[in-house]
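Quick notes on the structure that follows.
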Amino acid sequence: MNWLLSHFDTLRDSVVRLAGQPLAALLNISVFGVALCLPAGFYVGLESLEGFSRQLSSEPQVSLFLALDASRDDALEIERRLQRHPAVGRFEFVPRERALERLKRSAGLGDLIVELKDNPLPDAFVITARERGAAALEQLGSEASTWPKVERAQMDSDWARKLDAILGLGRLLVGLLGALLSLALVAIMFNTIRLQILTRSDEIEVSKLIGATNPFIRRPFLYFGALQGLAGGVAAWLLVAAGVQIVNWGLAEVAALYGSGLRIAGMSWPDTAVLLGSAGALGWLGAWLSVSRHLWQIEPR
């Protein structure tokens, strides 16, 4: 109980100390907020772009073209294979007659096609894969192409591969940006706490002389750093929310022109928790490194 009360008193003193220097605290919180909102904002935009691109792009599909001499029994056998296959989400059988009718309507070649004596198009299955990844799509197409009476398998995986590559690059860049800015924030908090330590260096040395432990000396600085980091995380969340709202206002007209639901989604609750937790942890880490360095310097050799 005494341990809990001690931590509560330290937390309260840190809040009072933070409120007692509003200008310095505001500057540090602003720096934290601006630095954290950059990777957070890019992450939110990337997630919304991924969701919207999935809506715009057709689903990845595999088209199985049967041999011209394939019978209805052959088609039924392939249909049974597709029904049992775990990688198949759904499929549609397109008989050669329907394919020819579609070709007449879409290509405007009705007069020319009427002159044909025989239907040159084969029966086909259009398969939608259960997974959207290009690798899964290619694996399904390669396997199906070996089935009896399957002449060719055409895989619609180019766009999926390109999209995965672009999104993967975007995630990598966001991760690198977040890592670099995290190092910068730890350095900023390190310097901030160092200034705090310099103003209380005599108090720390006296505490050491009367037997205060290193964890006891670190505690107020750790709370101070974590509180500033947490406040910076809140500032970053507000900046991202404001930025999302402004961008959505600009996208409203574009979305209306194209008749789409183009809109940037805000941060989800799990993402918000990660942002605030990371901000507090960065503040805590910078404070811990700064205090530990000072305590190491004043330790007797």
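Couple of notes before you dig in:
- Condition met for Thr213 (loosely packed, with under 13 Cβ neighbours inside 10 Å and polar (S, T, N, Q)): yes
- Residue within region 12-28 that is modelled with pLDDT of 70 or more and closer than 30 Å to Leu163 by Cβ present: no
- When Leu137, Leu185 are checked against the criterion of being touching a helix residue (DSSP H, G or I) at 6+ places or on another chain (Cβ under 9 Å), at pLDDT 80 or above and surrounded by 13 or more Cβ atoms within 10 Å (Cβ to Cβ), Leu185 stands alone in meeting it.
- If the condition is being aliphatic (A, V, I, L, M) and at pLDDT 90 or above, then region 254-286 contributes Ala273, Val274, Leu275, Leu276, Ala279, Ala281, Leu282, Leu285.
- On inspection, Leu4 does not qualify as in a helix (DSSP H, G or I) and either over 18 Å from Ala226 (Cα atoms) or at pLDDT 70 or above (or both).
The values are calculated or read from the model by the stated rules, or taken from the named source; none is laboratory data. This is a predicted model, so every value here is computed, not measured. In this analysis, Cβ positions are derived from the backbone assuming ideal geometry, glycine residues included, and neighbour counts consider all displayed protein chains.
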